[in-house]
Amino acid sequence: MRDAFHEELDALSDQMVEMTRLVHSAVARATTALLDADLALAESVISADDQIDSLQHDLEERAYQLLARQQPVATDLRIIVAGLRMSADLERMGDLARHLALVARMRYPNSAIPADIRASIAQMGQVAGRIVLKAGSVIANKDVQVALELEKDDDEMDALHRQLFRLLLDDHWQHGIEAAIDITLIGRYYERFADHAVSVARRVVYLVTGEHAHTADEPETAVAG
């Protein structure tokens with residue numbers, strides 16, 4: 001019975017790793033859709049979010065069944081509860097990638113990204129992709145060292161976010177209010193995407209070490225529509 005139980009716990013972990021793979025694909029394609037005004041790519045990200053949502057709902061159901069059947073205590077209980085929270089973070093990351101794609105779709109056939117902002121958005125997309133891949137590695141391998149690296153990646157994302165605001169507030173901004181609103185939202189989506197990945201990593205650190213990482217900047221896990 002215990003072996004079967006731990007196999008089910010491993011299956012939950014595998015499902016979360018699959019979610020990170022899908023989220024990585026979503027944010028990479030959404031970034032390209034923004035930069036290239038690629039409507040088909042944006043639509044693919046928007047429709048694929050249902051698959052991420054479905055995985056998260058399935059994981060929740062399986063976790064609740066484990067809680068009901070096994071009534072786990074101590075470490076096993078923490079693993080299940082942490083899994084529920086991490087899957088919610090990953091689902092929210094998928095939502096944020098979808099929001100990026102929605103901006104790309106809204107501005108089609110034009111690009112939502114002014115020429116002088118392209119490099120910053122491309123960098124934010126690269127950091128977002130790197131950080132979610134590391135989150136998948138952290139979940140799969142329970143790797144505390146990689147989890148700690150995510151904090152540095154998040155710092156890089158925060159620096160890019162601040163740089164974006166400096167560009168928006170510059171007296172030479174020539175792209176109007178509509179573009180400023182788009183860029184403000186896009187920057188926020190990337191920044192929160194990274195925050196959720198860090199939240200995932202911190203929960204794994206707690207499971208491995210029994211110690212809480214700093215959580216002052218952890219994002220809310222409520223799901224936007």
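The values are calculated or read from the model by the stated rules, or taken from the named source; none is laboratory data. Since this is a predicted model, take the numbers as computed values, not measurements. We place every Cβ from the backbone using ideal geometry, glycine too, and count neighbours over all the protein chains shown. Remember, those area values only see protein heavy atoms, side chains included, never the ligands or the DNA or RNA. Shrake-Rupley method; radii C 1.70, N 1.55, O 1.52, S 1.80 Å.
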Problem - Lone unmet requirement of (1) open to solvent by 50 Å² or more (accessible area, probe 1.4 Å); (2) under 26 Å from Arg105 (Cα atoms); (3) part of a helix (DSSP H, G or I); (4) not hydrophobic (A, V, I, L, M, F, W, C) for His161 - result: (1)
Fill in the blank from the handout: Checked Gly210, Gly225, Gly176 against criteria (at pLDDT below 95, over 15 Å from Gly94 (Cα atoms) and open to solvent by 40 Å² or more (accessible area, probe 1.4 Å)); the one match is Gly210
Practice task
Please state which one of Glu149, Glu178 is part of a helix (DSSP H, G or I), within 30 Å of Thr75 (Cβ to Cβ) and free of Cβ contacts under 8 Å to residues at least 24 places away in the same chain.
Solution key: Glu149
Exercise for the section: Select, from Val200, Val205, the only residue that is at pLDDT 95 or above and open to solvent by less than 30 Å² (accessible area, probe 1.4 Å). Expected result: Val200
Handout entry: Selected residue (criterion: farthest from Ile121 (Cα to Cα)) from residues of the stretch 21-49 that are acidic (Asp, Glu) and over 15 Å from the mean Cα position of the chain (by Cα)
Key = Glu43
Practice task
Taking the options Ser25, Ser47, Ser13, name whichever one is open to solvent by 60 Å² or more (accessible area, probe 1.4 Å) and either more than 16 Å from Leu84 (Cβ to Cβ) or of a type in the set (Ser, Thr, Tyr) (or both).
Solution key: Ser47
Problem - Failed item in (1) within 17 Å of the chain's Cα centre (by Cα); (2) at positive phi; (3) among the polar types (S, T, N, Q), with Gln71 passing the rest - result: (1)
Practice task
Of the conditions (1) modelled with pLDDT under 90; (2) under 20 Å from Leu35 (Cα atoms), Thr215 clears all except one; give me its number.
Solution key: (2)
Exercise for the section: Residues being surrounded by fewer than 18 Cβ atoms within 10 Å (Cβ to Cβ) and touching a residue at least 60 places away in the same chain (Cβ under 8 Å): count how many of those fall in the stretch 130-142. Expected result: 3
Completion exercise
Log entry, pairs with first residue in the stretch 78-99 being without any contact (Cβ under 8 Å) to a residue 60 or more places away in the chain, second being open to solvent by 10 Å² or more (accessible area, probe 1.4 Å), beta carbons closer than 7 Å, six or more apart or on different chains, reads Leu84/Glu60
